[in-house]
Amino acid sequence: MVRPSSLSGFPEWLPEGRVVEQHVLDSLRRTFELHGFAGIETRAVEPLSQLLRKGETSKEVYLLRRLQEEGEPDAADADKQLGLHFDLTVPFARWVLENAGQLAFPFKRYQIQKVWRGERPQDGRFREFTQADIDVVGADTLPFHYEVELPLVMAEALAALPIPPVRISVNNRKVAQGFYEAIGLEDVEGALRVIDKLDKIGPEGVARGLIDEAGATPEQAAQALELASISGSDAAVADQVLALGARSELLDTGLQELVTLLEAAQELSPGTVVADLKIARGLDYYTGSVYETTLVGHENLGSICSGGRYDSLASDGRRTFPGVGLSIGVSRLLARVLSDGLAEPTRAVPTAVLVAVTDEEHRRTSDRVAKALRARGIPADVAPTAAKFGKQIRFADRRSIPFVWFPGEDGDEVKDIRSGDQSPADAGTWEPPAEDRWPRVVDGQGAGVR
């Protein structure tokens with residue numbers, strides 16, 4: 001038999017990893033729902049023409065077609081070709097347009113699904129991965145205060161996970177756009193795309209890019225880099241920007257919004273949110289606040305959560321649906337958590353109690369005990385063979401099952417195989433400690449995780 005070869009970029013966690021993943025997903029879902037976000041799920045495929053609307057390179061889109069499809073597909077007919085979605089924003093925009101008449105706006109949604117992206121697999125980057133998105137969408141207008149709310153919701157959601165502290169870096173596209181216009185730099189979108197590469201290619205590379213790709217003069221490139229070098233967590237950021245000498249109405253508006261966000265974050269989530277004016281988010285549909293999130297101590301992983309304000313991603317020609325949203329790369333985050341041992345489950349199987357089998361003639365007795373325990377919400381399994389009790393205990397121990405149940409003619413007994421304590425028990429009334437009923441996720445040192 002030929003041994004199957006693995007496919008890179010398609011993570012498949014072992015049961016221990018799956019317990020941690022499920023804990024992360026449940027925790028995110030709980031936080032999002034606490035803040036009023038309703039869960040939705042969209043189809044996995046979209047017309048190719050829709051997938052390419054955001055300027056995504058076609059090299060990253062997986063096409064969907066039948067093996068026995070009649071005729072060759074017309075590469076020019078993108079409306080008939082279907083592709084797997086590479087994020088959750090494009091399908092959400094389409095979903096809003098199709099269901100706008102049945103939604104109450106502003107509409108708050110969360111969505112946790114698999115996405116597919118045909119890029120080169122590397123640390124934290126996969127071809128198939130799970131994302132968790134939150135967005136607020138309005139009809140024609142959307143108040144600025146949602147640009148403040150969304151990163152704070154995400155900060156709360158991330159703080160509840162078994163991960164190191166996070167730092168949410170924020171900027172406002174109005175600041176950069178207003179500044180560039182004030183210094184006479186005409187290709188604002190081109191400049192933003194170049195500035196977004198600052199961490200990758202460095203100041204010299206960005207300066208060359210601004211001159212060659214965005215038409216900046218050397219002086220304008222130097223001024224743009226000065227703006228990008230500014231960071232901080234309070235209103236002093238605005239003073240540093242204004243000290244550069246450029247002024248415009250759009251710049252003033254952007255600075256006011258940025259300071260409002262920083263002040264709210266300092267009050268509600270101190271130490272989490274910082275302004276970093278090199279954050280640009282290269283996609284050209286962002287119009288206001290933009291966000292990128294890194295793990296403290298794991299900055300080499302890059303952003304694990306990003307997003308921003310967009311005013312015209314979804315429009316039916318009569319109405320426009322502006323929104324603001326953030327997306328967590330769950331698989332990206334989980335890969336680092338598991339590889340670095342940041343969190344682990346107390347056991348890989350859900351079973352809290354293994355019911356021993358005295359002999360095969362009495363297996364039905366053990367089945368009845370397990371059924372009674374399950375009926376009361378206690379995960380139970382029955383030993384696979386009627387081996388010696390010592391062997392059945394070792395079977396449970398290898399799976400970190402904490403309790404073994406021994407049926408008996410004169411009464412049942414249950415044993416905590418960690419401590420060795422054994423006592424009489426009744427399947428209709430016995431309760432395991434709350435922390436043992438289901439697997440829990442603990443940090444790498446064994447401490448409990450919320």
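A few points about this structure:
- Residue 332 vs. criteria out of contact with any Pro (no Cβ under 6 Å at 6 or more places or on another chain) and assigned to a strand (DSSP E or B): no
- Residue match in segment 337-352 (condition: under 34 Å from the mean Cα position of the chain (by Cα), without any contact (Cβ under 8 Å) to a residue 12 or more places away in the chain and open to solvent by 60 Å² or more (accessible area, probe 1.4 Å)): yes
- Residues in segment 152-163 that are more than 13 Å from residue 294 (Cα to Cα) and not small (Gly, Ala, Ser): 152, 153, 156, 161, 162.
- Residue check for residue 436: in contact with a strand residue (DSSP E or B) (Cβ under 9 Å, 6 or more places away or on another chain) and surrounded by fewer than 16 Cβ atoms within 10 Å (Cβ to Cβ): no
- Residue count for segment 160-184 under the criterion of being over 19 Å from residue 232 (Cα atoms) and touching a residue at least 60 places away in the same chain (Cβ under 8 Å): the result is 10.
- Among the criteria (1) under 26 Å from residue 12 (Cα atoms); (2) at pLDDT 95 or above; (3) surrounded by fewer than 20 Cβ atoms within 10 Å (Cβ to Cβ), the one residue 167 does not fulfil is (1).
- Meets criteria (out of contact with any Ser or Thr (no Cβ under 7 Å at 6 or more places or on another chain) and aromatic (Phe, Trp, Tyr)) for residue 291: no
- Total residues in segment 103-157, condition among the polar types (S, T, N, Q) and without any contact (Cβ under 8 Å) to a residue 24 or more places away in the chain: 1
- Scanning segment 1-54 for residues that are over 25 Å from residue 159 (Cα atoms), in contact with an Asp or Glu (Cβ under 7 Å, 6 or more places away or on another chain) and open to solvent by 60 Å² or more (accessible area, probe 1.4 Å) returns a single hit, 10.
- Of residues in segment 289-318 being in contact with an Asp or Glu (Cβ under 6 Å, 6 or more places away or on another chain) and outside any loop (DSSP other than H, G, I, E, B), the one surrounded by the fewest Cβ atoms within 10 Å (Cβ to Cβ): 306
- Flag set for residue 103, criterion: surrounded by fewer than 18 Cβ atoms within 10 Å (Cβ to Cβ), touching a helix residue (DSSP H, G or I) at 6+ places or on another chain (Cβ under 8 Å) and of a type in the set (A, V, I, L, M).
- Of residues in segment 113-130 being touching a helix residue (DSSP H, G or I) at 6+ places or on another chain (Cβ under 6 Å) and at pLDDT 95 or above, the one nearest to residue 319 (Cα to Cα): 130
- Residue within segment 366-373 that is among the hydroxyl-bearing types (Ser, Thr, Tyr) and loosely packed, with under 13 Cβ neighbours inside 10 Å present: no
- The lone exception for residue 384 - which of (1) without any contact (Cβ under 8 Å) to a residue 12 or more places away in the chain; (2) out of contact with any helix residue (DSSP H, G or I) (no Cβ under 8 Å at 6 or more places or on another chain) it fails: (2)
- Enumeration of residues in segment 199-221 that are open to solvent by less than 60 Å² (accessible area, probe 1.4 Å) and under 14 Å from residue 277 (Cβ atoms): 206
- Qualifying residue in segment 391-406 (condition: in contact (Cβ under 8 Å) with a residue 40 or more places away in the chain and open to solvent by 70 Å² or more (accessible area, probe 1.4 Å)): yes
- Elements of type helices (runs of 4 or more DSSP H) in segment 208-284, at least 1 residues being touching a Ser or Thr at 6+ places or on another chain (Cβ under 9 Å): 236-242, 249-268
- Screening segment 222-240 for residues that are surrounded by fewer than 16 Cβ atoms within 10 Å (Cβ to Cβ) and hydroxyl-bearing (Ser, Thr, Tyr) and picking the one that is nearest to residue 270 (Cα to Cα) gives 231.
- Residue, nearest to residue 173 (Cα to Cα), within segment 196-209, restricted to residues that are touching a residue at least 24 places away in the same chain (Cβ under 8 Å) and touching a Gly at 6+ places or on another chain (Cβ under 8 Å): 196
The values are calculated or read from the model by the stated rules, or taken from the named source; none is laboratory data. Quick caveat, the model's predicted, so the values are computed rather than measured. For neighbour counting, all protein chains shown are included, and Cβ atoms are generated from backbone atoms with ideal geometry for every residue, glycine included. All accessible areas refer to the heavy atoms of the entire protein, side chains included, with ligands and DNA or RNA removed. Shrake-Rupley method; radii C 1.70, N 1.55, O 1.52, S 1.80 Å.
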